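Some notes on the structure that comes next.
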Amino acid sequence: MRRTVLVSVVLGVLLVVGWMWTGAAQQQEESEESAGAAQATLKIYGMTCSGCAVAVKIAARSVDGVTDAVVSVETGSAEVTYDPAKTTPEAIAQAVSEQSGFKATVSEVRAADSSKGAKRRRGCC
Ligand SMILES: [Cu+2]
């Protein structure tokens, strides 16, 4: 009896891992196909931990045309890489506000090749 339970747990884990693996591979293909990417910095209000940052990242990446989102709780900002032909920083900020619950505004827009290093501050909650 215990053996049956163990086998089904292992099978379940394998299924989930396999599913996540496929999802990750698909996301990678998506980010590779966009050539004319632009970047924008969004100001995100109210994040307190890495869980908040993950919620913002997921919301930003759910927008069609967004290929990457790097969220920093320390600076309260998100660096989004997107295809200007598909979306705008304003639309991404709106999607983040609506889906993650954290208010987002556009603070800086720039072309991908002129990107400066992101400012870093020390300390974390
Ligand atoms: Cu949090």
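The values are calculated or read from the model by the stated rules, or taken from the named source; none is laboratory data. Since we're looking at a predicted model, the values are computed, not measured. We place every Cβ from the backbone using ideal geometry, glycine too, and count neighbours over all the protein chains shown.
At a glance:
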item	result
Sole residue being in contact with a Lys or Arg (Cβ under 6 Å, 6 or more places away or on another chain) and buried (at least 19 other Cβ atoms within 10 Å of the Cβ), chosen from Val66, Val71	Val71
Members of the range 74-86 found to be β-branched (Val, Ile, Thr) and surrounded by fewer than 18 Cβ atoms within 10 Å (Cβ to Cβ), listed by number	Thr75
Within the range 32-63, tally of residues that are at pLDDT below 95 and loosely packed, with under 14 Cβ neighbours inside 10 Å	4
Any hit, the range 47-64, residues being within 13 Å of the ligand (Cβ to nearest atom) and assigned to a strand (DSSP E or B)	no
